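The values are calculated or read from the model by the stated rules, or taken from the named source; none is laboratory data. This one's a predicted model, so the numbers in the text were calculated from it and none came from an experiment. Here the Cβ is made from the backbone with ideal geometry for all residues, glycine too, and neighbour counts use every protein chain on show.
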Amino acid sequence: MPPSSLRVVYAFAREMHPKTTDVFIQYGTAGFRTKANLLEHVVYRMGLLAVIRSRVKNGRTIGMMITASHNLEPDNGVKLVDPDGEMLEESWEEIATRLANVSDNDLEATTVEIIKEVNADMALKASVFIGMDTRYTSPRLAAAAANGVIALKGTPKEFGIVTTPMLHFFVKCRNDNTYGTPNEEGYYEKIVGAFKNIRKRLTVHGNYSTRLHIDGANGVGGKKLNIINKSLDGQLDLQLHNLGGNGGKLNLGCGADHVKVTQTPATGFTHTPFERVASLDGDGDRIVYYYVNDDPEPKMFLLDGDRIATLLASYITELLQACGAQHLQMGIVQTAYANGASTNYITDTLKIPVKCVKTGVKHLHHAALGFDIGVYFEANGHGTVIYSKNAKNTISRISQEGEPEARKAAELLLDFIDMTNETVGDALSDLFLVETVLCARGASVQQWADYYTDLPCRQLKVIVQDRNAITTTDAERQCMTPEGLQTRINELVAKYNHGRAFARPSGTEDIVRVYAEADTQTNADLLAAEVSQAVFDLAGGVGARPELPAQA
Ligand code: G16
């Protein structure tokens, strides 16, 4: 395509998706995220970039997901998905940011500049898959995405409302047909099909109950589980809540982020003591479990991403031993948010190597690729398991040539692999993985919770003038700027038994996140509040200074 025909890029922008704001926007932890009304031009331009990316990848399909995931309803976002279903290559984030922020008048020239810079052959075909979440602003943004694709003569394919991990899965399948069929039916066939296969091999026994409550965050994940539920033949007794409609708002007072951050149950339904609840987030890429006890003031017990990682890793270890493939190296990848007790449990009890990386599944995914089997989870419930070719080939060989017991374990493991969405963290796939392990062990949710005891922790948000004033190192565990902040955090942490704390700028909200853990909840709350005050004082806090909790 000669650059002269790029006039259409400008024409579409001016006529349909003009840039109406000067607010600078950055490709963050999971793409662009901000108020939905500031995004239309950004999404249009990402449609352009997706076509360029597809051509750089020899016409392989690229994904675009319209979602702000765990954020509240007024926000929206867009992220690009690379050909293997993984997050956009990091070196392109700067290019995406540049293209999103130029004026309409400079858009054509910047597009030409980027095409040259990345050496895209504009004569090649280009294919872009587009998915969206349930936000009312998503259809308009998905249309802008498609226009961006069309403006550069790419071919868009719209999937309508799907979970984010489904879109990742479709992209992977489109580029690698050995992985599955690139549509919703193909997803159910592979992931839910594998779950049903496994269930035929396992008997429900011990303290495991098939009853599972779902908090759907009033988003897309619950709706898809409603579809799946009809085909489960009673293998799970799903009680679905917060499915949208009935006045419930997306991620508000419910969903994985609410449950994890506030450490309180979802609103919107009545909880039965000791029954498992799985809480999804708005676009179905995160999951945490919890239950409440029968105290007069019911206490909540949370089973977050760390718990899921340890549960899955310990079960895979057992299966590897049973099929004689313990030489395959497994590792767990976490972030600074991982509860210290989980890291100790992994190291001391499970004896599995553990790595800590920066927040963002893209960083965890990358680190997990270094193992034969990499289990990666953020504490917020975002994660999955990835298996190397070597691991898959080894297990597959054992399933054909091994001794009867080894074969059985290998066959189970192969279904376990099929049930895993290896492209990205996936609440639905993770749910089936967790349910499989609990069922195989005959374990109740309380027994799962008893594997280790979390250190009390607290997460807070601080609003500052410029969150990028905080820069970090050592997998975000240490602040480099502003000057004096890390020294202050160190002094505060030193006051508490088992104290640990850090502050980092969020990549999905215009805030600084603070995390603290300590020997008691009172101390964790106090440490988090004190660190928040230090951030507010030294990093240009806005509004009211964070207060210390009443018990201080
Ligand atoms: C996204 C990312 C996650 C990250 C989370 C919060 O999740 O995919 O890896 O942990 O944002 O990021 P931050 O602390 O930088 O705001 P989601 O579920 O919103 O897509």
Checklist outcome for this item: With criteria (1) within 16 Å of the ligand (Cβ to nearest atom); (2) touching a residue at least 60 places away in the same chain (Cβ under 8 Å); (3) of a type outside the set (Ser, Thr, Tyr), Phe274 comes up short on (1)
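Within 12 Å of Ala325 (Cβ to Cβ), among the polar types (S, T, N, Q) and touching a helix residue (DSSP H, G or I) at 6+ places or on another chain (Cβ under 8 Å), is that true of Ser342?
no
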Checklist outcome for this item: Okay, helices (runs of 4 or more DSSP H) sitting entirely in segment 186-269 with 3 or more residues that are buried (at least 17 other Cβ atoms within 10 Å of the Cβ), under 25 Å from the mean Cα position of the chain (by Cα) and of a type in the set (Val, Ile, Thr), I get none
Next on the checklist: Condition first: within 20 Å of the chain's Cα centre (by Cα) and either surrounded by fewer than 19 Cβ atoms within 10 Å (Cβ to Cβ) or among the aliphatic types (A, V, I, L, M) (or both). Now tell me which residues in segment 426-458 satisfy that.
Outcome noted: Ala427, Leu428, Leu431, Leu433, Val434
Checklist entry - Only one of these conditions is not met by Ala475: (1) crowded, with 19+ Cβ neighbours inside 10 Å; (2) touching a Cys at 6+ places or on another chain (Cβ under 6 Å). Which number is it? => result (1)
Checklist entry - Here is a list of conditions, (1) in a loop (DSSP other than H, G, I, E, B); (2) at pLDDT 95 or above, and Arg458 meets all of them except one; can you say which number that is? => result (1)
Checklist entry - Within segment 534-552, can you find the residues that are assigned to a loop (DSSP other than H, G, I, E, B) and either under 24 Å from Asn71 (Cβ atoms) or in contact (Cβ under 8 Å) with a residue 24 or more places away in the chain (or both)? => result Ala539, Gly540, Val542, Gly543, Ala544, Pro546, Pro549, Gln551, Ala552
Checklist entry - Here are Glu94, Glu113, Glu117, Glu86: which of them is surrounded by fewer than 19 Cβ atoms within 10 Å (Cβ to Cβ), of a type outside the set (Ser, Thr, Tyr) and within 25 Å of the chain's Cα centre (by Cα)? => result Glu94
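Hey, can you tell me all the residues within segment 269-283 that are small (Gly, Ala, Ser) and within 25 Å of Ala443 (Cα to Cα)?
Once the filter is applied, which keeps residues that are small (Gly, Ala, Ser) and within 25 Å of Ala443 (Cα to Cα), segment 269-283 yields Ala278, Ser279.
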Next on the checklist: Tell me yes or no: at least one residue of segment 311-333 is closer than 20 Å to Val259 by Cα and in contact with a Ser or Thr (Cβ under 8 Å, 6 or more places away or on another chain).
Outcome noted: no
Next on the checklist: Among the residues that make up segment 19-38, is at least one of them in a helix (DSSP H, G or I), touching a Gly at 6+ places or on another chain (Cβ under 6 Å) and not small (Gly, Ala, Ser)?
Outcome noted: no
Item to check | Verdict on Ile489 being surrounded by 18 or more Cβ atoms within 10 Å (Cβ to Cβ), over 30 Å from Lys196 (Cα atoms) and among the β-branched types (Val, Ile, Thr) | outcome: yes
Checklist entry - For Thr267, which of the numbered conditions (1) β-branched (Val, Ile, Thr); (2) within 12 Å of the ligand (Cβ to nearest atom); (3) more than 17 Å from Trp448 (Cα to Cα) fails to hold? => result (2)
Item to check | Selection from segment 63-78 of residues that are away from the ligand (no atom under 13 Å from the Cβ) and either touching a Ser or Thr at 6+ places or on another chain (Cβ under 9 Å) or among the β-branched types (Val, Ile, Thr) (or both) | outcome: Glu73, Pro74
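Might you check whether a residue that is more than 16 Å from the ligand (Cβ to nearest atom), within 30 Å of Glu93 (Cβ to Cβ) and in contact (Cβ under 8 Å) with a residue 12 or more places away in the chain occurs anywhere in segment 493-511?
So far as segment 493-511 goes, yes, one or more of its residues are more than 16 Å from the ligand (Cβ to nearest atom), within 30 Å of Glu93 (Cβ to Cβ) and in contact (Cβ under 8 Å) with a residue 12 or more places away in the chain.
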Checklist entry - Do any residues in segment 223-241 that are more than 28 Å from Arg135 (Cα to Cα) have Cβ atoms under 7 Å from those of residues that are assigned to a helix (DSSP H, G or I) and not aromatic (Phe, Trp, Tyr), where the two are at least six apart or on different chains, and which pairs are they? => result Gln235/Lys196; Gln235/Arg199; Leu236/Glu435
Checklist entry - If Val514 passes every condition in (1) surrounded by fewer than 21 Cβ atoms within 10 Å (Cβ to Cβ); (2) touching a Ser or Thr at 6+ places or on another chain (Cβ under 7 Å) but one, which one does it miss? => result (1)
Next on the checklist: Looking only at residues that are among the small types (Gly, Ala, Ser) and not in a helix (DSSP H, G or I) in segment 277-320, which one is farthest from Ser209 (Cα to Cα)?
Outcome noted: Gly282
Item to check | Yes/no for Gly360 being within 16 Å of the ligand (Cβ to nearest atom) and touching a residue at least 40 places away in the same chain (Cβ under 8 Å) | outcome: yes
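Give the residue that is farthest from Cys356 (Cα to Cα), with candidates limited to residues of segment 517-538 that are in contact with a strand residue (DSSP E or B) (Cβ under 6 Å, 6 or more places away or on another chain) and surrounded by fewer than 22 Cβ atoms within 10 Å (Cβ to Cβ).
In the first step, residues of segment 517-538 are kept if they are in contact with a strand residue (DSSP E or B) (Cβ under 6 Å, 6 or more places away or on another chain); the result is 517, 524-525, 527-528, 531-532, 535-536.
Going one step further and asking which of them are surrounded by fewer than 22 Cβ atoms within 10 Å (Cβ to Cβ), we end up with 525, 536.
Numbers: Asp525: 24, Phe536: 27 Å.
In this case the residue turns out to be Phe536.
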Checklist entry - Only one of Val81, Val42 is within 28 Å of Leu280 (Cβ to Cβ), within 16 Å of the ligand (Cβ to nearest atom) and either buried (at least 21 other Cβ atoms within 10 Å of the Cβ) or more than 23 Å from the chain's Cα centre (by Cα) (or both); which? => result Val81
